Amino acid sequence: MTADFSAEFRAYGGWTAAAAIQQQDLFNDVVGPDSLQADLNERTLSSDRGVLSGITLLGSFSELDRTWLWGWANPGFGPDAPAVAPTSVIREFGERHAIAEFTAENLELGGFDQPAQAAIMLAITAGTVLGGRGVWSTAINEGRGHVYLHVADEQLPVAGFDAIATPRLLMTAVSVFPGDHRQVVRGYFQHYGLTSDEGPNVLRGTSPTGSTITVDFDDHGRIGNVSVQP
């Protein structure tokens, strides 16, 4: 049987997924494929193009034993290290909302179909608790693992509502968090301030600029179609 995250994590992840995917896509586009150098004491990422500040060490994933280790549980850093201390917000959020993934020191991901992808899901979802601009990762230990850093530098852009991109974002989000398609749509609408009108098999949202998003659901509650009136 394939492993999965807890119901509480899936509910929160689904609620934030579509907007988080859009923000991460924008972050990837802006930061690009440049080689970056992290300084965890100064909380910076440096490249030939400049310096990004406000980085936080979320955690790391080991390809050897397929486990996730939170930065605050890593004996090489500890909860009070400059780049780790901000993650106390994630732990406290996990305690308040009973999200065990945010409070356990490490997580066994070997039972997932794609353990490395599960680590990415965990990092990006945790990053939404901190807000910020995106998550950056790099290989460590000669490629035997990856470390995940949250970046909060305010010089990086924040994704805005994009009506044309909405169908792709919603369909991608429900492929990652398929448990409750309606909650994925509701979370996306709330994030961007859309007023919503919900019926038995439809959810409509109107953006502050007047764009209308209509999401139709099948009899199993799955998204069947997303239409946009920009």
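The values are calculated or read from the model by the stated rules, or taken from the named source; none is laboratory data. Predicted model only: the values in this text are computed from it and were never measured. As a convention, Cβ positions derive from the backbone with ideal geometry for all residues, glycine included, and neighbour counts pool all protein chains shown. Surface accessibility is based on the protein's heavy atoms, side chains included, excluding ligands, DNA and RNA. Shrake-Rupley method; radii C 1.70, N 1.55, O 1.52, S 1.80 Å.
Remarks
- For L69: the one exception among (1) touching a strand residue (DSSP E or B) at 6+ places or on another chain (Cβ under 7 Å); (2) more than 11 Å from N106 (Cα to Cα): (2)
- Search result, residues across the range 45-54 that are within 14 Å of V135 (Cα to Cα) and open to solvent by 40 Å² or more (accessible area, probe 1.4 Å): S53
- Number of residues in the range 186-196 that are without any contact (Cβ under 8 Å) to a residue 40 or more places away in the chain and open to solvent by less than 70 Å² (accessible area, probe 1.4 Å): the value is 3.
- Checking L57, L26 one by one, the residue that is open to solvent by less than 60 Å² (accessible area, probe 1.4 Å), among the aliphatic types (A, V, I, L, M) and under 20 Å from P82 (Cβ atoms) is L57 and no other.
- Of the residues making up the range 66-120, those that are part of a loop (DSSP other than H, G, I, E, B), surrounded by 14 or more Cβ atoms within 10 Å (Cβ to Cβ) and not small (G, A, S) are R66, N74, F77, P79, P82, V84, I99, T103, L109, F112.
- Hits in the range 144-185 (condition: open to solvent by 40 Å² or more (accessible area, probe 1.4 Å) and in contact with a Ser or Thr (Cβ under 6 Å, 6 or more places away or on another chain)): H146, F161
Quick grid of which residues meet (1) within 17 Å of the chain's Cα centre (by Cα); (2) over 23 Å from Y12 (Cα atoms):
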| position | (1), (2) |
| --- | --- |
| G179 | yes, no |
| L194 | no, no |
| S211 | no, yes |
| I223 | no, no |
| P230 | no, yes |
